[in-house]
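The structure appears below as structure tokens.
The values are calculated or read from the model by the stated rules, or taken from the named source; none is laboratory data. All values derive from a computational prediction rather than experimental measurement. As a convention, Cβ positions derive from the backbone with ideal geometry for all residues, glycine included, and neighbour counts pool all protein chains shown. Heavy atoms of the whole protein, side chains included, go into the accessibility calculation; ligands, DNA and RNA do not. Shrake-Rupley method; radii C 1.70, N 1.55, O 1.52, S 1.80 Å.
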Amino acid sequence: MRLLLAAACATALALVGLACHQPDARPARDATPVPKGTLDAFASQAEFDALLARWRAQAEARARREQRSWAGNATSVMAPPPAAAAPAAESSASDSVQVTGARVGADGGEASITNNQVQGVDEGDIVKKAGDHLIVLRRGRLFTVRIGGDVLKPVSMIDAYAPGSDPSGTWYDEMLVGNGTVAVIGFSYARGGTEVGLFDLDARGALRHRDTYHLRSNDYYSARNYASRLVGDTLVFYTPMHLNTYGGEVEWPALRRWHRDATPAEFRRLLPATRIYRADDDLDPRHGVALHTVTRCSLATRAMQCESTAVLGPPGRVFHVSGDAVYVWTSAWRNDVSASSVVRMPLDGGAPSALRTLGSPVDQMAFLQRDGFLNVLVTGNGGEGMWASERDTGALALLRVPLSRFGDVSARAPRSAYRPLPATDGAGSLHNRFVGDWLLYGAGDAWNGESRGGTAHAVRYATHAPVAALSLTHDVERIDALGNDALLVGSRGRDLQFTTVALDANARVAAVYTQPDAQQGDDRTHGFFYKPQDAATGVAGLPILRGDAHASVLYLRNAGRRLSRMGTLDATHGPRRDDACKASCVDWYGNSRPIFIGERVFALLGYELVEGRLGTARIHERRRIDFAPAIPGVAVAE
């Protein structure tokens, strides 16, 4: 075992460049001084403009040197030798880490029906509950279904975009509900930014468009993360903006209320230079620069009121929201080292603080803020933008650092804060999640057509107890909480397997359930939901696709960490109605969800909402509705 740990530690050196220690050894004394203060903002617009002007002058000088070099090579004229490069900064003798150059609910206290990562931080999804109604976002439209009073009845339908606007080129991805307001969040390639539609929801379930706003940003999409959160009455968005450091006007984060004759001149800038902070003195514009912008908007007022805070950093990023702060992890590769910073932005609008780090988390699930510490699983990945989270990863380390370590630009994570971990041995991308006192991780990929099993790992993150190796018969494509325990889901050949993991004094495999001839119907976090009935029992739901591509939600009973099949609620086979979709006609965020509300259980399957009845050992269909839009003159598609 010690030889295996030593090998894993040696591999992790490539990521964090730290000395190895045995996991049961006493950590070295940390002599790094505790930083004070917060990051400094630009003092004025003129100071920010001066930095851009310097970068642009440097870019022009490089271009002239390259042009002379090309001309010299073309005419075989010996060019003068280049000026000597500035000597690289030597590493400090201290314990600091050297950094080298190179996307409970908020609606009146109701429990959320979304599989959220952090209690009290609701995440954008395709279905939400508000009072006696479910609201569903699907293919560019909003639908409400009454479920109160033992009813299952479609109520209303409305376009998810402003009346009279052109929805082409826009993806309407996420929805949040609070204070009688439905907020639809999307990204418009046609209008160049995040689009926020606000709809009034009355007690009868009727929807009425109130306003639509355009928030200037670059694309926020992540294959795993969500762009929006709702904390209390505050909408939180991550809206990155990449800077052109070679010339041209800066595209500032800005807000505009939509109307038929709206013009670009109506955008109101949300980000003054005095709300832009720097967490990286070594920022090199040749590797890209972004304004990592967090925008907070209040749902407590009719008109949306927003303010933005940004950190200037390299383009690689991961975005996570805790109960009281937003974390943005920026990263870039410099001389084959993943240099990074993690910035902590308080949700109360206070000045951010930061920590210089190495490596990067693969997604938002790699974070846990708890008991005054930030815990993060880091690897050599460059962030989560678009499909970056799906890349294979290499060496791993657990960063555990007190929040008191965050400070100004000089704050660095000490090497004693990193714990090298065994690498994954499965094929595919990294999956990770904190469950209770444990961090679990493994690798797998449902789309690569191969599955061979392997080893997942469980780490009691607040201690230096040995890492538990979990031998699996399947890949790891999902990790979720099963009450106080964990559930690992992945493929084995044509089958889908579910492994329960006991998390008490030790972590160990408890049992395996196999669903023949099936795969996950949705591999994002929101596809799964677990409804505990007591400390040892509960019901889990997960969308699956069978070999004949038939869509279902599978329900499993958990009894003492052993899973048994309760059955499925299934989509209807037969002709498919043409819904005359105009926008967001691909279900990037899935179209199926298990829904648990009190003692009732539902399956959202496309345009169908199916209600089931839970027995002792089986689930039976009780009734269903089809809320697909009735489009006059549109035939049924075969």
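A compact table of results
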{"quantity": "The range 208-285: mean projected area of Cα convex hull, nm²", "calculated": "8.5"}
{"quantity": "Only Lys, Arg (+1) and Asp, Glu (-1) charged, at Cβ; the range 266-311 dipole about Cα centre in debye", "calculated": "340"}
{"quantity": "Kirkwood Rh and Cα Rg combined as Rg/Rh, the range 480-599", "calculated": "1.02"}
{"quantity": "Relative contact order computed over the range 195-343 (Cα-Cα under 8 Å; 6+ residues apart), in percent", "calculated": "18"}
{"quantity": "Whole-number accessible area per residue in Å² for the range 401-515, which is evaluated in the context of all protein chains at 1.4 Å", "calculated": "34"}
{"quantity": "Theoretical FRET efficiency, 1/(1+(r/R0)^6), r = Cβ-Cβ of residue 50 and residue 211, R0 35 Å, to 0.05", "calculated": "0.40"}
{"quantity": "Rh by Kirkwood over Cα pairs, then Stokes-Einstein D for the range 235-382 at 1.002 mPa s and 20 °C, µm²/s", "calculated": "131"}
{"quantity": "Cα-based equivalent ellipsoid of the range 264-341: semi-axis lengths in Å, sorted from largest, via gyration tensor", "calculated": "28, 16, 9"}
{"quantity": "Bins of 10 Å from zero: percent of alpha-carbon pairs in the range 111-226", "calculated": "14, 46, 32, 8, 0"}
{"quantity": "Chain lengthening between residue 132 and residue 517 when straightened (0.36 nm per residue, less Cα-Cα)", "calculated": "134.9 nm"}
{"quantity": "Relative contact order of the range 468-600, defined on C-alpha pairs under 8 angstrom at six or more residues apart (%)", "calculated": "18"}
{"quantity": "Residues residue 580 and residue 534, FRET efficiency given R0 of 51 Å [Cβ-Cβ distance, rounded to 0.05]", "calculated": "0.60"}
{"quantity": "Cα gyration tensor shape for the range 439-518, rounded if a/c is under 1.5, else prolate or oblate", "calculated": "prolate"}
